[in-house]
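J.: Dropping a structure here in structure tokens format, bear with me for questions.
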Amino acid sequence: MSNHPHPGHGQAARQHTHTHRPPGGNTPAAHTHTSEDMLVDWETLGPFLERGAELHTPLHEQAAAWLRELMTAAGGTGPDAVRRVLDVGSGPGVVTCLLARAFPDAEVVAVDATEGLLERARARADRLGLADRVRTHLAEVPDGLDALGGADLIWSSKALHHVGDQRGAVAALAGHLRPGGLLAVSEGGLSPRFLPRDIGIGRPGLQARLDAVAEEWFTQMRAELPDATDDVEDWPAFLADAGLRAPLTRSFLLDLPAPLSDAAREFISANLTRSSEAFADRLDADDLGVLTRLIDPEDPAGVTRRPDLFLLAAQTVHTARAQ
Ligand SMILES: C[S@@+](CC[C@H](N)C(=O)[O-])C[C@H]1O[C@@H](n2cnc3c(N)ncnc32)[C@H](O)[C@@H]1O
């Protein structure tokens with residue numbers, strides 16, 4: 001699967017969206033889509049997004065440690081001086097809470113266009129004893145951020161590609177940084193792998209074929225966005241165009257070897273279920289048959305029971321600093 005969200009891979013595949021607003025209202029709605037067959041109901045995806053982000057905790061902890069280092073580097077303000085962090089497109093707030101732990105003197109604001117996901121973020125912060133420093137803000141980026149004031153660190157992971165004008169979205173976020181503040185955009189990386197090339201059923205190379213259809217799907221989705229621009233997708237260039245300096249890029253690995261936990265197996269099963277639905281008209285009958293077997297909990301070749309399942313993913317983070 002691709003490393004960008006799409007309906008088949010809510011957590012780590014490609015898709016982009018346009019948001020339906022209620023008649024006459026300014027409140028962002030909980031589901032977004034480009035066309036009827038590409039509906040994305042973010043609120044329904046909540047449990048899937050939360051489980052996926054939890055599984056990626058080791059990766060996000062490495063990224064957060066790097067951000068702490070950057071905040072102490074020359075010209076930075078230091079982790080202790082980080083007073084406000086925004087997590088833009090936070091989803092259910094897993095990374096929001098992780099950032100609150102990494103920056104213990106900061107107020108951390110989960111910003112998202114879906115109220116149901118922000119409710120999850122609040123409940124999570126409450127469970128983790130972070131409710132006094134984690135708050136939520138409903139906004140559809142690039143709009144709706146003015147009320148938040150300046151931030152020392154703005155993090156956005158796998159959310160800005162849901163905005164048609166990605167360059168404009170980066171510029172809008174950069175405009176909310178305090179002097180010396182850091183913008184960190186996590187977009188791209190490597191498509192996750194969880195199956196061997198040859199799984200003993202069907203033709204070898206299923207995951208590569210799923211990646212290929214996910215890329216086609218994502219391209220179509222972006223093309224359908226009403227405000228989609230024709231920009232080359234160059235995140236460091238977007239950061240530079242926003243007037244930020246000292247660009248850095250690093251990638252972080254999630255490496256969960258076999259045998260996988262039940263939670264990881266459930267996540268992969270949900271992922272493949274969504275792929276089989278979203279890509280039904282893009283895959284051939286053989287591959288669809290293999291997907292059906294893979295998600296059958298009773299099938300010894302399925303992801304619930306097979307011993308060789310693993311989870312390997314890489315996520316790229318691009319950063320730059322305000323003057
Ligand atoms: C794939 S999820 C990523 C969640 C989280 N950042 C993570 O890495 O696990 C994308 C999130 O972006 C949010 N989103 C999409 N378009 C948005 C927009 N224009 N403004 C704010 N949030 C948006 C969705 O509601 C969803 O929670």
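J.: Could you tell me whether the range 219-239 includes any residue that is among the β-branched types (Val, Ile, Thr), assigned to a helix (DSSP H, G or I) and open to solvent by less than 60 Å² (accessible area, probe 1.4 Å)?
T.: Of the range 219-239, the ones among the β-branched types (Val, Ile, Thr) are 219, 229, 232.
Still in the list and also assigned to a helix (DSSP H, G or I): 219.
Then drop every residue that is not open to solvent by less than 60 Å² (accessible area, probe 1.4 Å), which leaves none.
No, there is no match, as no residue in the range 219-239 is among the β-branched types (Val, Ile, Thr), assigned to a helix (DSSP H, G or I) and open to solvent by less than 60 Å² (accessible area, probe 1.4 Å).
J.: Could you give me the residue pairs with C-beta distances under 9 Å whose first residue belongs to the range 41-68 and is part of a helix (DSSP H, G or I), whose second residue is near the ligand (Cβ under 10 Å from one of its atoms) and among the aromatic types (Phe, Trp, Tyr) wherever it lies, and which are 6+ apart or on separate chains?
T.: Between residues of the range 41-68 that are part of a helix (DSSP H, G or I) and residues that are near the ligand (Cβ under 10 Å from one of its atoms) and among the aromatic types (Phe, Trp, Tyr), the close pairs are Leu49/Trp42; Ala63/Trp155; Ala64/Trp155; Leu67/Trp155.
J.: Here's something else I'd like to know. Do we find that Pro179 is open to solvent by 40 Å² or more (accessible area, probe 1.4 Å), more than 30 Å from Arg293 (Cβ to Cβ) and within 15 Å of the ligand (Cβ to nearest atom) in this structure?
T.: no
J.: Here's another thing I want to ask about it. Restrict the check to the range 271-285 and report whether at least one residue is basic (Lys, Arg), assigned to a loop (DSSP other than H, G, I, E, B), in contact with a helix residue (DSSP H, G or I) (Cβ under 6 Å, 6 or more places away or on another chain) and surrounded by fewer than 20 Cβ atoms within 10 Å (Cβ to Cβ).
T.: yes
J.: Any residue in the range 145-164 that is part of a loop (DSSP other than H, G, I, E, B), at positive phi and at pLDDT below 95? Spell out the reasoning first.
T.: Looking only at the range 145-164, we keep the residues that are part of a loop (DSSP other than H, G, I, E, B), and these are 145, 149-150, 158-159, 163-164.
Pick out the ones that are also at positive phi and you get 149, 158.
From what is left, the residues that are at pLDDT below 95 are 149.
Yes, the range 145-164 has at least one match.
J.: I've got another one for you. Could you say which residue among Val95, Val109 is open to solvent by less than 50 Å² (accessible area, probe 1.4 Å) and part of a strand (DSSP E or B)? Show your work before the answer.
T.: Details: Val95 fails: part of a strand (DSSP E or B).
Selected residue: Val109, the only one of Val95, Val109 that is open to solvent by less than 50 Å² (accessible area, probe 1.4 Å) and part of a strand (DSSP E or B).
J.: Related question: Among the numbered conditions (1) more than 16 Å from the ligand (Cβ to nearest atom); (2) surrounded by 18 or more Cβ atoms within 10 Å (Cβ to Cβ), tell me where Arg203 comes up short.
T.: (2)
J.: Still on this structure, I have one more. Could you tell me whether any residue of the range 116-124 is modelled with pLDDT of 95 or more and within 18 Å of Ser186 (Cβ to Cβ)?
T.: Yes, there is a match, as at least one residue in the range 116-124 is modelled with pLDDT of 95 or more and within 18 Å of Ser186 (Cβ to Cβ).
J.: Taking the condition more than 10 Å from the ligand (Cβ to nearest atom), small (Gly, Ala, Ser), touching a residue at least 60 places away in the same chain (Cβ under 8 Å) and not in a strand (DSSP E or B), does Gly168 pass?
T.: Values: more than 10 Å from the ligand (Cβ to nearest atom): yes; small (Gly, Ala, Ser): yes; touching a residue at least 60 places away in the same chain (Cβ under 8 Å): yes; not in a strand (DSSP E or B): yes.
Considered against the rule, which asks whether it is more than 10 Å from the ligand (Cβ to nearest atom), small (Gly, Ala, Ser), touching a residue at least 60 places away in the same chain (Cβ under 8 Å) and not in a strand (DSSP E or B), Gly168 comes out as yes.
J.: State all residues of the range 302-319 that are over 27 Å from the mean Cα position of the chain (by Cα) and either open to solvent by less than 20 Å² (accessible area, probe 1.4 Å) or of a type in the set (D, E, K, R) (or both); if no residue qualifies, say none.
T.: Arg305, Arg306
J.: Also, I was wondering about something else. Residues in the range 139-155 that are within 14 Å of the ligand (Cβ to nearest atom), within 30 Å of Ala73 (Cα to Cα) and open to solvent by less than 20 Å² (accessible area, probe 1.4 Å): how many?
T.: Selection size over the range 139-155: 4.
J.: Related question: For the range 115-138, check the following and say yes or no: at least one residue is within 9 Å of the ligand (Cβ to nearest atom) and in a loop (DSSP other than H, G, I, E, B).
T.: no
The values are calculated or read from the model by the stated rules, or taken from the named source; none is laboratory data. For clarity, every value in this text was computed on a predicted model and none was experimentally measured. When we count neighbours, we look across all protein chains shown, and the Cβ atoms used for this are built from the backbone with ideal geometry, even at glycine. Please note that ligands, DNA and RNA were not included when accessible areas were found on the heavy atoms of the full protein model with its side chains. Shrake-Rupley method; radii C 1.70, N 1.55, O 1.52, S 1.80 Å.
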